[in-house]
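**Q** Before we start, here is the structure in question, set down as structure tokens.
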Amino acid sequence: MVRFHFSRKQLCIPYAVFLTLFVIIPMLLILLYAFTGEDAEGNLFFSFSNFFNFFSSTSKLQTLGVSLTIAFITTFFSLIIAYPVAYILARSGWKRTYVLLMLFIVPMWLNFVLRITALRELLNIIGFLGNYDYVNTVIGMVYDFLPFMILPLYNSLQKMDNSLLEAANDLGAGPVHTFLHVTLPLSMPGILSGVTMVFMPSMTNYVVSETLGNSNITILGKMIEEYFSTYDDMHMGSLISIILLVIIFITMLVSGGFKQNADESSARGANLW
Amino acid sequence: MRKIQRLLALAGAAVIALSSSLLFAACADGEEKQVLRIYNWEDYICNEDDEEAGYVDLIAAFEEAYDCEVEYSTFGTNENMYNELKINEGSYDLVCPSDYMIMKMIREGMCEPFTEEFRTSSLYAQNVSPYIRGIFEENGWDKYAIGYMWGTMGFMYNPEAGDTIAEDVQSWRVLENEKYRKKSTLKDSVRDTYFYALACVYEEELAALAAEYEDGSLSETEYNAAITAVMNRTDEETVEKARVYLREVKKNIYGFEVDSGKNDMVTGKIDINFCWSGDAAYGIYEAGEEDGSTLAYSVPDYVSNIWFDGWVIPKGGNVDLAEKFLDFISSPDYAMMNMDYIGYTSVLAGEEIYENWVLDGYAAEESGEELQSLIDAGEIIEYDLSYFFDDDPDSGAYAFYAYASEKNGMLGAQYPDNSVVARCAVMQFFEEDANNRINMMWEDVKGAEIPIPAVILIAVILIAGGGVYLFTKYGNDWLRGKPKKGYEKVENKDK
């Protein structure tokens, strides 16, 4: 019988190959395109012109602003809606809370385009469609990304040690005080990972703004698409992608996503989401 | 750039070569089948067998008739198609771009010419409409391209949306009208909407030209050349005017769309849709099927666009097999079936199509006295399609009686009458700097402003969040309030 021995390094090979082919090489190409221009013969030359062009164009900066605005408001409402739900689910005494959790999550697994199309009809019945493009877009985004907020919050709230709450209670803290000084800080990892999970895609998910905002709102994702398909300018398209990447990086940095804190190990599950 | 493209192409070619060699090894039929690689718009050919509806899968039928293999793929926009052709040079035998893209491709030498034999004696050459042939010759496309489908642009509208809507949509500027606020759409496509904007900003100039044509001081050819020149202006002043106009109109419309518009018309979300005639035909048909309601299509006054999609053979394509395919789908029977299936109008004319499609579909059934009384009542009109079916556009040999409602119905959408095509301009291909200018104009038009309520909301959220944070940090005593019953507050000496 032949016995196979794989070292750890060898076990990593499939992932390394995948990563190189589909993540690293494309990223390098995007970087290459972002900081190059093209002469008449199609030869590339190094240039910062796309970069300057982006930051001196009113319409592009406006689109950046619109995307940030929509992402911010979407994240805020997702948090406001998801926190109580996650709290109730996680802290309720029921034994089978995961069944309840699934009740919240499973409908979200329906095809995304289908759900947005259905939502469009619903908004039409309410009378929002065509009149409140921004409101509709935010509703659609919140609807779409809510599970990404609920799950990490649920995870971190569920893992919270009950004895801490009891201790706060024993020591005389009222409910508001307990929430602000015990529950909220302990659920911070969940909040941060939820915020990152919602903020990022809502800057680029242009299917929602196109379908529910009747293409009246352009967000960065749509702009990238226009540069690649309509304007035939992959360089500017790549640069906008890089700018998005930088924004993601900054958000992660601010929200502490890179922190490797040992005593936050309980929140590791939350960060996975 | 070139290098990367070459690398990608190489990788692609390797994959294709590998898979096709595997495929051939698997069939091991002995003789190698010829392959025709077609690149067409989505949903733009009948490729479904349906005996009940009388549809034949044209691609499968061709494969069988010529013992070859067809690799069929589709694209969504002209620009996507063009990029794909640039990246994968030599990987298609037959593509179907629109007018201005055909011009661009011919200009850049990307097309293989058709053979003399095909241009003179194929089924296409025998059946193509003289009108379409004329336009292709005028523009110098006839060597490299043949037509497939054609149509106009105009408004699909709901006749019940207002008492005056039928008159209102005769002006392109109806979209500024407060009466139809948030009830109309434009195309989310820079070429079409730019064309629309020019029709509006040059309305007076176009009206003056129309008047000159009307009183005979301009011939039809001169008139058409004049409006075509106006509608293809790209100077800075024009682009700026278009930008200002579109930003203004944007406030009054429902939104931009490329394919949801016809369904939104059918479901009644909007009342006016700037659209291609083929989509209008589809919408009118669907609305009738759905709930028996009627929609109408009309081409506004002074100017419109006449567009074509045509077949070209990219450099290095298999000319012989491509021509066989085009000949195959150019038989009148297949052309009618294709029209029925996809809803657009074929460039092919000929007796069979006139009789079995136009007359069968649209000619009034009444005759004799009954007919005369309906004509007098204005319910039946004479409809002349000689320009399309006859070599002599004024012969009147292809005039027939049709119900007046059809003028703004399916018939008008499928076959515009002579007066409409006289005021139709062909879209030209723009030079690169003009194109960039128009693209930037479009980006500006599509960009939205940050709404002030949203800014206020964000400010409130930030202030409230900051407030909570400060309270939890410094406002302990205030927030804690009184301790719970039975507890006493103790000063924390460590602090």
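The values are calculated or read from the model by the stated rules, or taken from the named source; none is laboratory data. Keep in mind that what you see is a predicted model, and the values were worked out from it rather than measured. For neighbour counting, all protein chains shown are included, and Cβ atoms are generated from backbone atoms with ideal geometry for every residue, glycine included. Note: accessible area is taken over every heavy atom of the protein model, side chains too, but ligands, DNA and RNA are not part of it. Shrake-Rupley method; radii C 1.70, N 1.55, O 1.52, S 1.80 Å.
**Q** Per residue of the stretch B:305-318, what does 6.51 cos²θ - 1.76 cosθ + 1.60 with θ = phi - 60° give for ³J(HN,Hα)? Whole Hz please, x for Gly and Pro, Karplus curve as stated.
**A** Per-residue couplings from phi come out as 9, 10, 10, 9, 10, x, 8, 10, 9, x, 3, x, x, 7 Hz.
**Q** Only four residue types carry charge here, +1 at the Cβ of Lys and Arg and -1 at the Cβ of Asp and Glu. Report the dipole size of chain A about the Cα centre in Debye, rounded to the nearest 20.
**A** 1080 debye
**Q** Right, here's the next one. Within chain A, which DSSP H helices have Cα atoms that stretch 27 Å or more along the helix axis and a mean Kyte-Doolittle hydropathy of at least 0.0?
**A** A:58-91, A:133-158, A:234-254
**Q** Sticking with this structure for a sec: For the protein assembly as shown, with only Lys/Arg (+1) and Asp/Glu (-1) charged at the beta-carbon, what is the dipole magnitude about the Cα centre, in debye rounded to 20?
**A** Charge dipole of the protein assembly as shown: 8220 debye, to the nearest 20.
**Q** Need the C-alpha centroid separation for the stretch B:74-127 versus the stretch B:383-414, integer Å.
**A** 30 Å
**Q** Cross-link candidates for A:Lys60: which aspartates and glutamates have Cα within less than 13 Å, leaving aside residues fewer than 8 places away along the same chain?
**A** A:Glu226, B:Glu443, B:Asp444, B:Glu449
**Q** So if R0 is 60 Å, what FRET efficiency would B:Ala65 and A:Val254 give, r being the distance between their Cβ atoms, rounded to the nearest 0.05?
**A** 0.35
**Q** Taking the Cα centroid of the stretch A:103-123 and of the stretch A:26-80, what is the distance between the two, rounded to the nearest whole Å?
**A** For the stretch A:103-123 versus the stretch A:26-80, the Cα centre distance is 30 Å.
**Q** A:Ser229 versus B:Glu204, label points 7 Å from Cα toward the beta carbon: distance in nm?
**A** 3.9 nm
**Q** Separate question: Using alpha carbon centroids, what distance separates the stretch B:226-258 and the stretch A:170-224, in Å?
**A** 39 Å
**Q** Helix-only estimate, please: 222 nm mean residue ellipticity of chain B, summing -39500 (n - 2.57) across DSSP H runs of length 4 or more and dividing by its residues, to the nearest 500.
**A** -14500 deg cm²/dmol
**Q** Further question: On a straight-distance basis, which aspartates and glutamates could pair with B:Lys182 in a cross-link, Cα separation under 15 angstrom, same-chain partners fewer than 8 positions away excluded?
**A** A:Asp133, B:Glu248, B:Glu257, B:Asp264, B:Asp271
**Q** Return the single residue from A:Leu192, A:Leu21, A:Leu64 with maximal mean-square fluctuation; model: Gaussian network over chain A, springs between Cα atoms under 10 Å.
**A** Result: A:Leu21 has the largest fluctuation of those listed.
**Q** So which GluC sites (Glu not before Pro) in the stretch B:406-454 are both in a DSSP loop and have at most 15 other Cβ atoms within 10 Å of their Cβ?
**A** Counting only loop positions with at most 15 other Cβ atoms within 10 Å, the GluC sites (Glu not before Pro) in the stretch B:406-454 are B:Glu431, B:Glu449.
**Q** If I fit a long axis through the Cα atoms of helix B:319-329 and take the longest principal axis of the Cα atoms of chain B, what angle between them do I get, 0 to 90°, rounded to 10?
**A** Relative to chain B, helix B:319-329 is tipped by roughly 90 degrees.
**Q** Using only protein heavy atoms and a 1.4 Å probe, report how much of B:Tyr82 is accessible, in Å² to the nearest 10.
**A** Accessible surface of B:Tyr82 is approximately 20 Å².
**Q** Rounded to the nearest 100 Å², what is the sum over both chains of accessible area buried where A meets B, with a probe of 1.4 Å?
**A** Using a 1.4 Å probe, the pair buries roughly 3900 Å².
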